[in-house]
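Visitor: Take a look at the following structure, please.
Read-outs throughout are calculated quantities, based only on the coordinates presented, and are distinct from any laboratory measurement. Keep in mind it's a predicted model, so treat the numbers as computed, not measured. Every residue, glycine among them, receives a Cβ derived from its backbone with ideal geometry; neighbour counts consider all protein chains shown.
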């Protein structure tokens with residue numbers, strides 16, 4: 001018996017092996033993949049993307065996390081950084097976007113508001129923001145600002161994590 005056919009025996013059934021690929025990857029991409037394995041040539045980007053999409057579908061069906069992302073004021077509107085955090089999240093799970101996002105994302109109620117409004121008003125804003133994020137159906141709310149994490153955490157009973165925590169949790 002070859003090592004390839006023993007993968008489920010060695011590692012369990014929750015692996016994206018060739019048998020699983022045949023169920024999820026389009027036949028044309030499988031043919032290209034097999035050809036590249038035989039020839040030693042690099043896998044074309046189009047086939048790689050089809051395989052990556054299939055892997056993500058499979059992973060979500062087998063318990064990958066669904067995330068939503070809150071754009072921090074300074075990172076987003078202040079620095080124009082919107083796509084990079086989403087790419088990181090998309091690499092490890094599914095990103096579910098809230099109704100108001102990117103340039104239109106609401107302030108979490110912390111940061112500058114700490115000096116301008118009462119604690120009760122901050123919590124009220126945080127609950128509103130958390131409600132929008134929870135409405136996505138995501139399991140985890142992610143942000144890239146410690147003040148946003150703290151504020152949103154005060155507005156939800158759900159899990160709120162910093163983007164760096166998501167990265168660390170997925171380094172293998």
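Visitor: Residues 144, 138: which one is more than 16 Å from residue 73 (Cα to Cα), surrounded by 14 or more Cβ atoms within 10 Å (Cβ to Cβ) and in contact (Cβ under 8 Å) with a residue 40 or more places away in the chain?
Guide: So the residue among 144, 138 that is more than 16 Å from residue 73 (Cα to Cα), surrounded by 14 or more Cβ atoms within 10 Å (Cβ to Cβ) and in contact (Cβ under 8 Å) with a residue 40 or more places away in the chain is 138.
Visitor: Among the listed residues 102, 66, which satisfies the condition of being surrounded by fewer than 16 Cβ atoms within 10 Å (Cβ to Cβ) and in contact with a strand residue (DSSP E or B) (Cβ under 6 Å, 6 or more places away or on another chain)?
Guide: Being surrounded by fewer than 16 Cβ atoms within 10 Å (Cβ to Cβ) and in contact with a strand residue (DSSP E or B) (Cβ under 6 Å, 6 or more places away or on another chain) holds for just one of 102, 66, which is 66.
Visitor: Which of (1) in contact with a strand residue (DSSP E or B) (Cβ under 9 Å, 6 or more places away or on another chain); (2) closer than 17 Å to residue 95 by Cα does residue 150 not meet, given it meets every other one?
Guide: Result: residue 150 passes all but (2).
Visitor: Mind listing whichever residues of region 147-167 are exposed (fewer than 15 other Cβ atoms within 10 Å of the Cβ) and under 19 Å from the mean Cα position of the chain (by Cα)?
Guide: Across region 147-167, the qualifying residues are 159, 164, 165, 167.
Visitor: Quick check: is even one residue across region 27-36 touching a residue at least 12 places away in the same chain (Cβ under 8 Å), within 22 Å of the chain's Cα centre (by Cα) and assigned to a helix (DSSP H, G or I)?
Guide: no
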